[in-house]
Amino acid sequence: MQVALVRAGTFWSDAGALFGPVPRILWDRLVADEITADHRLGQALNCLLIETPAGRVLVETGIGERLNDKTREMRRYEGDPILPALHRAGFDPATVDIVAMSHLHFDHAGGLLDASGVRAFPRAVIVAQRAEWEIALGTNSRLVASYDQPELRLVRDWGAAGWADGEREVLPGVSVVPTGGHSAGHQAVVIRGRRRTVAFFGDLAMRPWSANPRWITAFDDFPLDSVAVKGELFRQAVAEAWTIVLSHEPRTPVGRLIPDRDRFVYEPVRAPTG
Ligand SMILES: [Zn+2]
């Protein structure tokens, strides 16, 4: 089994929103060298391409190619979207068997369609939790703000073929594990190889400081669930020495978690090979 990190461009988020309930005095020194004059932080769109003997799994699709100029400008979205990024990394999108989505927010599900609105991964099954689809296409004005509903309606029927209700092994060694928290149907992806386990916790672990279970973003729709599930997953990650990939970290996206009092610390490692 091989896991490749594929970056589908970058965008910029409000720094305060990324730290949610955490007072600025506790976080501003952490980002002093990267925060912009308009208080934003650069966010990578980290995706994984997992090669297994049974097939290929893509985790996440980034923002994609279908946003208008105004939105592109607002999000300051730059770099290669998922399709050219995959090609550049040597992977043909037509060979992807499964697209595993942590959740369906705009910066994760935007790449399911190509620029012209055709399925970007023609033979793939999209695996997301049924609960995520239901809330993404629902009517709660606070919750739907992070989803691009017109785009999701275009892929709803495609997505329905892969609805998951709970944990599922999508291919041998590759599992989706429901977490909730960040969004109602958010899920983690856990890859168990012979020599190591790699976990992608989606937007429960965006950046190094996410290692503190109580440091959650303003975008977490169910914050108390995020705190609880992060504590459980991170304990398991430590106990089983998992390698972690952060969803939006631009500089040190691969690392591991170290226990630190009642929280954890993220320690970057070099990207694993093999
Ligand atoms: Zn995100």
Considering every residue within region 80-97, establish whether at least one is at pLDDT 95 or above, open to solvent by less than 60 Å² (accessible area, probe 1.4 Å), part of a loop (DSSP other than H, G, I, E, B) and within 16 Å of the ligand (Cβ to nearest atom). yes
Does ALA124 meet the test of being within 15 Å of the ligand (Cβ to nearest atom) and either within 17 Å of GLN2 (Cα to Cα) or open to solvent by less than 60 Å² (accessible area, probe 1.4 Å) (or both)? no
Within region 207-245, of all residues that are surrounded by fewer than 18 Cβ atoms within 10 Å (Cβ to Cβ) and farther than 13 Å from GLY181 by Cβ, the one nearest to the chain's Cα centre (by Cα) is ALA218
Any idea how many residues of region 162-183 are out of contact with any strand residue (DSSP E or B) (no Cβ under 8 Å at 6 or more places or on another chain) and without any contact (Cβ under 8 Å) to a residue 60 or more places away in the chain? 2
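Yes/no matrix, rows are residues, columns are (1) over 18 Å from VAL57 (Cβ atoms); (2) within 16 Å of the ligand (Cβ to nearest atom); (3) assigned to a loop (DSSP other than H, G, I, E, B):
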{"site": "VAL190", "(1), (2), (3)": "no, no, no"}
{"site": "MET206", "(1), (2), (3)": "yes, yes, yes"}
{"site": "THR217", "(1), (2), (3)": "yes, yes, yes"}
{"site": "SER226", "(1), (2), (3)": "yes, yes, no"}
{"site": "HIS248", "(1), (2), (3)": "yes, yes, yes"}
{"site": "ARG270", "(1), (2), (3)": "yes, no, yes"}
Give me the residue from region 176-188 that is within 16 Å of the ligand (Cβ to nearest atom) and part of a strand (DSSP E or B) and, out of that set, surrounded by the fewest Cβ atoms within 10 Å (Cβ to Cβ). ALA188
Is at least one residue of region 47-61 of a type in the set (Asp, Glu), within 16 Å of the ligand (Cβ to nearest atom) and touching a Ser or Thr at 6+ places or on another chain (Cβ under 8 Å)? yes
Looking only at region 250-268, which residues are surrounded by 14 or more Cβ atoms within 10 Å (Cβ to Cβ), under 26 Å from PHE11 (Cα atoms), more than 16 Å from the ligand (Cβ to nearest atom) and not hydrophobic (A, V, I, L, M, F, W, C)? THR252, GLY255, ARG256, TYR266, PRO268
Out of the helices (runs of 4 or more DSSP H) lying entirely within region 108-160, which hold 1 or more residues that are among the acidic types (Asp, Glu)? 130-136, 149-160
Within region 99-107, is even one residue among the aromatic types (Phe, Trp, Tyr), at pLDDT 95 or above, open to solvent by 10 Å² or more (accessible area, probe 1.4 Å) and part of a helix (DSSP H, G or I)? yes
Restricting attention to region 22-66, the residues that are of a type in the set (D, E, K, R) and surrounded by 16 or more Cβ atoms within 10 Å (Cβ to Cβ) number exactly 5
Subset tally (residues that are part of a loop (DSSP other than H, G, I, E, B) and away from the ligand (no atom under 15 Å from the Cβ)) for region 192-204: 4
Subset tally (residues that are assigned to a strand (DSSP E or B) and open to solvent by 80 Å² or more (accessible area, probe 1.4 Å)) for region 161-175: 2
Does PHE234 meet the test of being assigned to a strand (DSSP E or B) and either basic (Lys, Arg) or touching a helix residue (DSSP H, G or I) at 6+ places or on another chain (Cβ under 9 Å) (or both)? no
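Condition check ((1) open to solvent by 10 Å² or more (accessible area, probe 1.4 Å); (2) polar (S, T, N, Q); (3) without any contact (Cβ under 8 Å) to a residue 40 or more places away in the chain) across all residues:
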residue: ARG72; (1), (2), (3): yes, no, yes
residue: GLY111; (1), (2), (3): no, no, no
residue: VAL118; (1), (2), (3): yes, no, yes
residue: GLU134; (1), (2), (3): yes, no, no
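The values are calculated or read from the model by the stated rules, or taken from the named source; none is laboratory data. Remember, predicted model here, so these are calculated numbers, not experimental data. Cβ: placed from backbone, ideal geometry, glycine included. Neighbour counts: every protein chain shown. Surface areas here come from the heavy atoms of the whole protein model, side chains and all, with no ligands, DNA or RNA. Shrake-Rupley method; radii C 1.70, N 1.55, O 1.52, S 1.80 Å.
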